[in-house]
1. Out of all the residues in the stretch 217-234, which are aliphatic (A, V, I, L, M) and over 8 Å from the mean Cα position of the chain (by Cα)?
2. Has the stretch 51-59 got any residue that is open to solvent by 20 Å² or more (accessible area, probe 1.4 Å) and within 18 Å of TYR144 (Cα to Cα)?
3. If you take the residues in the stretch 234-252 that are open to solvent by 60 Å² or more (accessible area, probe 1.4 Å) and part of a loop (DSSP other than H, G, I, E, B), which one is nearest to ILE45 (Cα to Cα)?
4. Given the conditions (1) in contact with a strand residue (DSSP E or B) (Cβ under 7 Å, 6 or more places away or on another chain); (2) over 15 Å from VAL43 (Cα atoms); (3) open to solvent by 50 Å² or more (accessible area, probe 1.4 Å), and given that LYS231 satisfies all but one, which numbered condition is not satisfied?
5. Only one of these is out of contact with any Phe, Trp or Tyr (no Cβ under 9 Å at 6 or more places or on another chain), surrounded by 13 or more Cβ atoms within 10 Å (Cβ to Cβ), more than 28 Å from HIS220 (Cα to Cα) and touching a residue at least 24 places away in the same chain (Cβ under 8 Å): GLY194, GLY167, GLY190. Name it.
6. Could you check the stretch 273-309 and list, in sequence order, the residues that are surrounded by fewer than 19 Cβ atoms within 10 Å (Cβ to Cβ) and basic (Lys, Arg)?
7. Listed residues GLY105, GLY151; which is modelled with pLDDT of 95 or more and either open to solvent by less than 60 Å² (accessible area, probe 1.4 Å) or more than 19 Å from the chain's Cα centre (by Cα) (or both)?
Amino acid sequence: MLLPDSAVLSAAIDWLGHGLWDIAWWKIVLYTLVTTHITIAGVTIFLHRTQTHRAMDLGPIPSHFFRFWLWLGTGMVTKEWVAIHRKHHAKCETEEDPHSPQVKGIDEVMWRGAELYRKESKNKETIERFGHGTPDDWIERNLYSRFSWQGVGLMLVLNLALFGAAGAAVWAVQMLWIPFWAAGVVNGIGHYWGYRNFEAADASTNLIPWGIIIGGEELHNNHHTYPTSAKFSVKKYEFDIGWVYISLMQKIGWAKVKKLPPKLQMGDVKPVADEKTLEALIANRYEVMAGYAREMRRTTRHELEALKAKGADLSVLKAAKRWLHRDDDKVPAAARTHLVQAREAHPVLDKMVTMREELRQLWLNTSHSREQLASDLAAWCRRAEESGIAGLREFSTRLRAARA
């Protein structure tokens with residue numbers, strides 16, 4: 001057997017060590033971060049906001065670019081991803097949810113999220129029921145869906161060609177990026193730990209206020225509250241980098257936003273809450289209740305300050321304060337004792353909790369007429385303003401200024 005001549009062998013060794021580009025290690029790291037970020041952008045803008053929730057229309061150039069890139073970088077089939085995510089919203093936190101940490105456990109979803117996705121992708125009923133309206137053109141049928149894993153194979157070849165042996169590590173990071181950040185972190189931690197702006201019906205949370213690493217998907221509670229919004233940030237201090245890209249594409253005609261989070265409009269304070277006030281309450285109920293939660297937190301701080309001034313025990317109220325503004329079914333069993341004790345010891349907070357539930361029933365009550373509900377709202381405002389509780393009085397006054 002003949003050995004290759006030294007020139008060929010040296011070239012092969014050099015290629016394995018450096019690849020065609022022969023660039024510094026930090027440039028390889030930068031390339032990896034840029035390519036994985038493009039993948040994240042494709043998932044959040046194309047798969048999530050455009051295809052799944054129809055929050056925006058995406059022009060043919062960015063739309064096909066993202067389809068091609070996701071074929072290279074993930075091997076995911078658009079119809080499967082969309083169907084599974086729509087089912088997650090439709091069946092959230094139930095046994096039928098494909099990836100709820102509240103049902104399956106945080107460890108299962110965090111570390112085996114990709115396996116849960118693959119398992120659900122084989123459920124033909126899920127794909128047919130929830131996957132409607134996704135691309136079904138020639139290239140989708142004959143390449144992207146039919147040969148889904150050939151794309152990631154091509155990405156491996158490209159990386160090996162560009163970086164030599166280091167390309168395998170680059171490819172491994174690219175392939176693990178979405179399973180870890182999207183399937184594990186967003187679907188797992190995003191329904192388990194974090195802060196909540198809104199009392200959505202599920203357990204969704206915002207991981208951090210700045211959505212950069214996962215393209216804005218960090219703001220998961222905001223998204224579950226307003227799932228058809230193209231913008232995930234709602235507070236002044238929140239940042240959604242996916243929305244930045246969408247805004248830039250809008251400017252050049254590559255995207256058209258169809259829906260944004262509703263914004264409560266304020267006008268003059270009405271003498272009495274009426275049907276228009278009721279409309280504003282129902283249409284903006286999550287924002288209204290977030291405002292109520294702020295008043296409850298402020299009142300709780302005053303109660304804690306009063307206890308501290310008297311040298312009394314603060315432990316019960318401190319343990320209960322994070323649950324006072326939550327719906328009853330969201331309060332864990334371990335916190336209920338402290339909550340009951342806190343309400344018994346603090347009549348002001350007990351009154352606010354009771355009136356919060358009464359206010360919530362105004363949009364949950366389907367047996368009353370519109371006129372009756374408006375009358376109930378006016379009566380609620382009157383009781384709130386006559387309660388002697390500053391937080392209730394101020395909240396009710398602002399509510400009477402709300403406009404639909």
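1. Our first condition is that a residue be aliphatic (A, V, I, L, M); within the stretch 217-234, this holds for 219, 230, 234.
Within the stretch 217-234, ALA230, VAL234 meet the criteria.
2. Taking the stretch 51-59 as the starting set, the residues that turn out to be open to solvent by 20 Å² or more (accessible area, probe 1.4 Å) are 53-54, 57-58.
After this cut, where a residue has to be within 18 Å of TYR144 (Cα to Cα) as well, the list is none.
Within the stretch 51-59 (the criterion being open to solvent by 20 Å² or more (accessible area, probe 1.4 Å) and within 18 Å of TYR144 (Cα to Cα)), the answer is no, since none of the residues qualifies.
3. At the first step, the residues of the stretch 234-252 found to be open to solvent by 60 Å² or more (accessible area, probe 1.4 Å) are 236-237, 239, 245, 248, 250-252.
Still in the list and also part of a loop (DSSP other than H, G, I, E, B): 236-237, 252.
Details: LYS236: 21, TYR237: 21, ILE252: 16 Å.
Selected residue: ILE252.
4. It is condition (2) that LYS231 fails.
5. Values: GLY194 fails: more than 28 Å from HIS220 (Cα to Cα); GLY190 fails: more than 28 Å from HIS220 (Cα to Cα).
After ruling out the rest, the residue left standing is GLY167.
6. LYS276, ARG294, ARG297, ARG298, ARG301, LYS308
7. Working: GLY105 fails: modelled with pLDDT of 95 or more.
That would be GLY151, the only listed residue that is modelled with pLDDT of 95 or more and either open to solvent by less than 60 Å² (accessible area, probe 1.4 Å) or more than 19 Å from the chain's Cα centre (by Cα) (or both).
Let's see how each residue does on (1) surrounded by 15 or more Cβ atoms within 10 Å (Cβ to Cβ); (2) hydrophobic (A, V, I, L, M, F, W, C); (3) modelled with pLDDT of 95 or more; (4) closer than 21 Å to GLU140 by Cα:
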position: THR35; (1), (2), (3), (4): yes, no, yes, no
position: ILE45; (1), (2), (3), (4): yes, yes, yes, yes
position: PRO62; (1), (2), (3), (4): yes, no, yes, yes
position: VAL82; (1), (2), (3), (4): yes, yes, yes, yes
position: HIS88; (1), (2), (3), (4): yes, no, yes, no
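The values are calculated or read from the model by the stated rules, or taken from the named source; none is laboratory data. Computed from a predicted model, the values in this text were never measured in an experiment. Every residue, glycine among them, receives a Cβ derived from its backbone with ideal geometry; neighbour counts consider all protein chains shown. These accessible areas exclude ligands, DNA and RNA; they are computed on the full protein's heavy atoms, side chains included. Shrake-Rupley method; radii C 1.70, N 1.55, O 1.52, S 1.80 Å.
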